[in-house]
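Asker: One structure, as structure tokens, below. Some questions next.
The values are calculated or read from the model by the stated rules, or taken from the named source; none is laboratory data. Note that the structure is a prediction, hence the values are computed from the model and not measured. No Cβ is skipped: glycine too gets one built from the backbone with ideal geometry, and neighbour counts run over all protein chains shown.
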Amino acid sequence: MRKKIRKTLKYSIFSIILIVIVALIFPTWTPKIKGENSISMLEQVEINGTGHEVMIRGVDRTNPILIFVHGGPGCSEIPYVRKYQKELEQHFTVVHYDQRGSGKSYHFFEDYSNLTTDVLVDDLLALRDYVSKELGQEKVILIGHSFGTYIGMKAAAKAPTQFHAYIGIGQMANTLQSELESLEYTYEQAKQAGNTEDVKKLELIRSSIEQGKELTPRILLQKYGGAARLINENRDYISGFLFNPEYNGLDMIRFYTGMFSSQDILLREAFDQNLPDIVDHLEIPTYFVTGKYDYMTTANAARDYFDVLDAPIKDFIVFNESAHYPQFEEKEKFVKWLNELF
């Protein structure tokens, strides 16, 4: 009997180890899209000397190109973004990529100590050339989200002829102003909820936030609706990691390793070099899209930046039901707006 139990235990341990190994290394892909002229590609592309993971999807590769620049820093949206872009793929060719040192573009033995937003800007511009050549067209609309707007704005300013228009979703502006507004929002929400523990946490770190030494805790912004209202972004990531074919277990390790190694460096740059001081004009049509309840990159700070930014055409669009993810929280409205614009 004991021999049988030991044998069963041995096979169970072996099976668990095998499942873990398979989960870590199983091949990744993005599902096919029906249509003679469709495109659905997920692959590593050599850009400026290092591999970048690039996902391109659309029912017709001749449709206008949207390049999305993810935020974080280091928070690729490839693991879950298909959930929100099926309709978008009907009208546009949608490009997502993992930035250098992020997600599937993180390589364990590569040195990222000199990572800056200027490096990421150059990577983005090289990606733009690759995508344009791959798809055989020049109409490329640049869309930054959250920290991706810092990179996107600098890229649009550096090479305006490369883009048809710029769209900033959850647009970064004066980082300290935004964080102070985030702090006050979260503090008031915690007080109204009678959560004395959260109030005390915020009081303890208030001075550090006011000095630009740290961010308002994102876990509390999520808790009080300043990050998302109509989606659960944490659940989307977990579901994407576990069930979507674009990432495997090893990629998930890359994701978190890259995020933790790059965030402090890049966020420090955003504190030290406020975007309105770097880019005060763009030469292409410029659109800021914000959720009314966005306290990750606050709508008020974005509006102040918009008011002083010079551009040939500019517009400030508010999504009244959303927080930091209007392109996902109100995806039908977002697609309708893009279709009418382009």
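Asker: Filter the range 164-182 down to residues that are surrounded by fewer than 24 Cβ atoms within 10 Å (Cβ to Cβ) and not in a helix (DSSP H, G or I), then give me how many there are.
Answerer: 3
Asker: Then there's this: Residues in the range 110-161 that are among the small types (Gly, Ala, Ser) and under 16 Å from Val94 (Cβ atoms): how many?
Answerer: 4
Asker: Six or more apart or on different chains, Cβ under 6 Å: which pairs go from a residue in the range 245-268 that's more than 23 Å from Leu215 (Cβ to Cβ) to one that's among the polar types (S, T, N, Q)? Could you list them?
Answerer: Here the result reads Pro245/Thr28; Glu246/Thr28; Glu246/Thr30; Asn248/Thr28, each pair linking the range 245-268 to a residue that is among the polar types (S, T, N, Q).
Asker: Same structure, new question: Out of all the residues in the range 256-265, is one or more more than 19 Å from the chain's Cα centre (by Cα) and within 18 Å of Leu176 (Cα to Cα)?
Answerer: No - not one qualifying residue is present in the range 256-265.
Asker: Please go through the range 129-163 and give me each residue that is buried (at least 16 other Cβ atoms within 10 Å of the Cβ) and of a type in the set (S, T, N, Q), ordered by number.
Answerer: Result: Ser132, Ser146, Thr149, Gln162.
Asker: Considering (1) surrounded by 15 or more Cβ atoms within 10 Å (Cβ to Cβ); (2) part of a helix (DSSP H, G or I); (3) not basic (Lys, Arg), say which one Ile284 fails and leave the rest.
Answerer: Against the list (1) surrounded by 15 or more Cβ atoms within 10 Å (Cβ to Cβ); (2) part of a helix (DSSP H, G or I); (3) not basic (Lys, Arg), Ile284 comes up short only on (2).
Asker: May I ask you to verify whether Tyr247 is among the aromatic types (Phe, Trp, Tyr), part of a loop (DSSP other than H, G, I, E, B) and at pLDDT 95 or above?
Answerer: Spelling it out, Tyr247 is indeed among the aromatic types (Phe, Trp, Tyr), part of a loop (DSSP other than H, G, I, E, B) and at pLDDT 95 or above.
Asker: For Lys191, only one of the following conditions fails: (1) without any contact (Cβ under 8 Å) to a residue 40 or more places away in the chain; (2) under 21 Å from the mean Cα position of the chain (by Cα). What is its number?
Answerer: (2)
Asker: Please report, ordered by residue number, the strands (runs of 3 or more DSSP E) entirely within the range 37-103 with at least 2 residues that are over 19 Å from Ile265 (Cβ atoms), in contact (Cβ under 8 Å) with a residue 24 or more places away in the chain and not hydrophobic (A, V, I, L, M, F, W, C).
Answerer: Because the criterion is at least 2 residues that are over 19 Å from Ile265 (Cβ atoms), in contact (Cβ under 8 Å) with a residue 24 or more places away in the chain and not hydrophobic (A, V, I, L, M, F, W, C), the strands (runs of 3 or more DSSP E) in the range 37-103 that meet it are 50-58, 93-97.
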